[in-house]
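J.: Submitted below is the structure of interest, expressed as structure tokens.
The values are calculated or read from the model by the stated rules, or taken from the named source; none is laboratory data. Just so we're clear, the structure is a prediction, and the values are computed from it rather than from any experiment. Heads up, the Cβs are rebuilt from the backbone with ideal geometry, glycines too, and the neighbour counts pull from every protein chain shown.
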2 protein chains.
Amino acid sequence: MKKLINDPKDVVRESLEGFALAHADIVEVVFDPLYVVRRDAPVRGKVAVISGGGSGHEPMHSGYVGKGMLDAAIPGQVFTSPTPDQIEAATRAVDGGAGVLHIVKNYTGDILNFEMAAELCQDVEVQAVVINDDVAVEDSLYTAGRRGVGATVLAEKICGAAAERGYDIERVTGLCREVNHHTRSMGMALTSCTVPAAGKPTFELGAHEMEMGIGIHGEPGRERMPVQPVREIVKRLVETILADAAFADGHPVIAMVNGLGGTPVIELYLVYRELEHLLKSHGIPIARRLVGNYMTSLEMAGCSVTLLRAGEELISLWDDPVRTPGLRWGM
Amino acid sequence: MKKLINDPKDVVRESLEGFALAHADIVEVVFDPLYVVRRDAPVRGKVAVISGGGSGHEPMHSGYVGKGMLDAAIPGQVFTSPTPDQIEAATRAVDGGAGVLHIVKNYTGDILNFEMAAELCQDVEVQAVVINDDVAVEDSLYTAGRRGVGATVLAEKICGAAAERGYDIERVTGLCREVNHHTRSMGMALTSCTVPAAGKPTFELGAHEMEMGIGIHGEPGRERMPVQPVREIVKRLVETILADAAFADGHPVIAMVNGLGGTPVIELYLVYRELEHLLKSHGIPIARRLVGNYMTSLEMAGCSVTLLRAGEELISLWDDPVRTPGLRWGM
């Protein structure tokens, strides 16, 4: 295992120490129990939006803490759920009296621990939305039902903007459900990643193999097959997504082409090119897009495609200013 | 070779087609001859700042085209200099009557071709600054003298801001020389990268080896050694940089921790943590910083550290708003 680390057991803490030093103007990192919080939290009278999950998916979630997006993020160890006491402490730290929305990816450990944290915060108005946008598989290694993936990034941006506008907890929660309802994603991997504490690749792929429908922790996908040209790969991802939900009615989408951490940007734009051509042939305009590494799996090579069927309100919330370490525009 | 591409010979063109579709609000890509230009170019009365070089280093340079940074970028094939006709066309496209600054990385092919382009544009006031901040080696596979690396990103930001403020060509050029003069960089690699047209890794590194002082095209560095903890790696990089120039006098720096394309963000923050601790012990405050993938070598795993000894004017120019696909704040 070759990594830019000291001791595998210190990776998450030391990385967050560096993150705290680098972004002290935006965030504060509390280490016991561990969570990342907006420097100006709690914001009185504003709904707070928080999320969390295993580390190794950076910039998600800690990189999305800041004005216009998350009030706090709760990182677990690599690919490991955060604990209820962490989530409880973060919830209390951001509560400005207007309620706290938990955006939870559909993994069994995350669901359980966010639920336990909500029970520990009965004096705070907590709402939770479970994100489950991955069309690749039903049920998985760590999930009952569909996995939560790229929709999480879109939901964090849109709900963060809604909270910043002063929307109440019901409306912010409703928007989160709407984003999840209208989003579908699917990913693929060219290589595995190596969890530092494990010291070896999570799975093995042959020199000419890829895995379609991969999970963000390396959970098995739909099928393993010889590597194809990118136009075939994107076609498979997009056709699976379009077969699952009503996208092809001329409604615009917000599209995300996401790198899994080890894919160079030059390739992600090849993916985007195929995506835009393909959606055009289906009569689907792309209203907004992100192309980059937004939800990674350590150094895994591969990509995912996320499509959100978005009306005017969602697009307008998308365009609102955001200032976080991982996503920034308008300020 | 596993990559998200169609045909290796089409990688640069198809990637830039995707880039053009994704960022049509900011850039236009002209394909014959090939260059990337600000959508509102030429800006009358403003000094234009342009740069270029081989592809494979994304977001550099095309990702830095936009308000507050570059007026145009000229991409060559992967790790291959752009041709004089491309550079000439870009220079003419951005000339707003106030002169054009060429920011040129010190590689023999780039130098020659930018010089030839300047000769072809004798009716345009062209100034050129050669960037040579890499302390790793004197002379190299493609370079006489030191290689140009991370200082290029800083120079593009600062000179772009100066041009946007309305500074004249002498002043913008002087600032570029100042940035280059006060910047030092060094990088290291854990893995090689694979040029698509070559189809195999540029060099071989053993399973437990790293290369200190690597060039951004995989040119040999200073030494090959067993992988060390990140604290030792950063110490070697920083001590080589500090031994080369007068940094340790309490003057603040702009610091960049740059990933080479295949390094996950979680590791780059570990690098940043070591860097800030180490500079603190030398009495050097970090005034501003970038942590991320800003100047890559395809999917190479590794990092580089860049330090710019910056006075108030440079920091103020750094803080000016910028809106490009690869770097954005304040608008």
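J.: Just the residues that are farther than 15 Å from A:G150 by Cβ and within 13 Å of another protein chain (Cβ to nearest Cβ), please, taken from the range A:225-254.
T.: So the first thing to find is which residues in the range A:225-254 are farther than 15 Å from A:G150 by Cβ, and the list is A:225-233, A:235-236, A:239, A:242-243, A:246, A:248-252.
Answer for the range A:225-254, where residues must be farther than 15 Å from A:G150 by Cβ and within 13 Å of another protein chain (Cβ to nearest Cβ): A:M225, A:P226, A:V227, A:Q228, A:P229, A:V230, A:R231, A:E232, A:I233, A:K235, A:R236.
J.: Further question: Take the residues in the range A:132-166 that are of a type in the set (V, I, T) and modelled with pLDDT of 95 or more; name whichever of them is farthest from A:R184 (Cα to Cα).
T.: A:I158
J.: Need pairs with beta-carbon distance below 7 Å; first residue in contact (Cβ under 8 Å) with a residue 24 or more places away in the chain and more than 17 Å from B:V65 (Cα to Cα) and within the range B:315-326, second part of a strand (DSSP E or B) and of a type outside the set (A, V, I, L, M); sequence gap 6+ or separate chains.
T.: Taking only residues 6 or more apart or on different chains, the pairs are B:I315/B:R288.
J.: Can you tell me which residues in the range B:109-124 are within 11 Å of B:R92 (Cα to Cα) and surrounded by 16 or more Cβ atoms within 10 Å (Cβ to Cβ)?
T.: B:A117, B:A118, B:L120, B:C121, B:V124
J.: Within the range A:174-190, track down each residue that is farther than 19 Å from A:V137 by Cα and surrounded by fewer than 23 Cβ atoms within 10 Å (Cβ to Cβ).
T.: A:G174, A:L175, A:R177, A:E178
J.: Then there's this: Looking at A:D110, A:D85, can you tell me which residue is in a helix (DSSP H, G or I), of a type in the set (D, E, K, R), closer than 24 Å to A:S192 by Cα and not assigned by TED's automatic domain parsing to the domain that holds A:G199? Walk me through it before giving the result.
T.: Working: A:D85 fails: closer than 24 Å to A:S192 by Cα.
From the options A:D110, A:D85, the qualifying one is A:D110.
J.: Right, something else. Taking the criterion of being in contact with a Phe, Trp or Tyr (Cβ under 9 Å, 6 or more places away or on another chain), of a type in the set (S, T, N, Q) and at pLDDT 95 or above, would at least one residue in the range B:114-131 satisfy it?
T.: Checked the range B:114-131: no residue is in contact with a Phe, Trp or Tyr (Cβ under 9 Å, 6 or more places away or on another chain), of a type in the set (S, T, N, Q) and at pLDDT 95 or above.
J.: Tell me yes or no: at least one residue of the range A:204-214 is more than 19 Å from B:I5 (Cβ to Cβ), crowded, with 19+ Cβ neighbours inside 10 Å, of a type in the set (D, E) and assigned by TED's automatic domain parsing to the domain that holds A:V305.
T.: Looking for residues that are more than 19 Å from B:I5 (Cβ to Cβ), crowded, with 19+ Cβ neighbours inside 10 Å, of a type in the set (D, E) and assigned by TED's automatic domain parsing to the domain that holds A:V305, one finds none in the range A:204-214, hence no.
J.: What strands (runs of 3 or more DSSP E) lie completely within the range A:174-236 and have 3 or more residues being among the acidic types (D, E)?
T.: none
J.: Return the residues of the range A:261-303 that are over 17 Å from A:T152 (Cβ atoms), in contact with a strand residue (DSSP E or B) (Cβ under 8 Å, 6 or more places away or on another chain) and polar (S, T, N, Q); say none if nothing qualifies.
T.: Of everything in the range A:261-303, just one residue is over 17 Å from A:T152 (Cβ atoms), in contact with a strand residue (DSSP E or B) (Cβ under 8 Å, 6 or more places away or on another chain) and polar (S, T, N, Q), namely A:T263.
J.: Can you tell me which residues in the range A:302-322 are farther than 22 Å from A:H181 by Cα and either over 17 Å from the mean Cα position of the chain (by Cα) or more than 9 Å from every other protein chain (Cβ to nearest Cβ) (or both)?
T.: Once the filter is applied, which keeps residues that are farther than 22 Å from A:H181 by Cα and either over 17 Å from the mean Cα position of the chain (by Cα) or more than 9 Å from every other protein chain (Cβ to nearest Cβ) (or both), the range A:302-322 yields A:P321, A:V322.
J.: Just one of B:Q122, B:Q86 is polar (S, T, N, Q) and either in contact (Cβ under 8 Å) with a residue 40 or more places away in the chain or in contact with a Lys or Arg (Cβ under 8 Å, 6 or more places away or on another chain) (or both); which is it?
T.: B:Q86
J.: Can you tell me which residue among B:A90, B:A118, B:A136 is outside any loop (DSSP other than H, G, I, E, B), more than 14 Å from chain A (Cβ to nearest Cβ) and over 17 Å from B:V43 (Cβ atoms)?
T.: B:A118
J.: If a residue must be in contact with a strand residue (DSSP E or B) (Cβ under 6 Å, 6 or more places away or on another chain) and of a type outside the set (V, I, T), how many such residues does the range B:304-327 contain?
T.: 7
J.: Can you confirm whether B:R147 is on the phi < 0 side of the Ramachandran plot and surrounded by fewer than 19 Cβ atoms within 10 Å (Cβ to Cβ)?
T.: no
This table checks each residue for (1) more than 7 Å from chain A (Cβ to nearest Cβ); (2) touching a Cys at 6+ places or on another chain (Cβ under 7 Å); (3) within 20 Å of A:G259 (Cβ to Cβ).
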{"site": "B:F19", "(1), (2), (3)": "no, no, yes"}
{"site": "B:R44", "(1), (2), (3)": "yes, no, no"}
{"site": "B:G53", "(1), (2), (3)": "yes, no, no"}
{"site": "B:S62", "(1), (2), (3)": "yes, no, yes"}
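J.: Any chance you could count how many residues in the range A:255-292 are within 7 Å of another protein chain (Cβ to nearest Cβ) and not aliphatic (A, V, I, L, M)?
T.: 10
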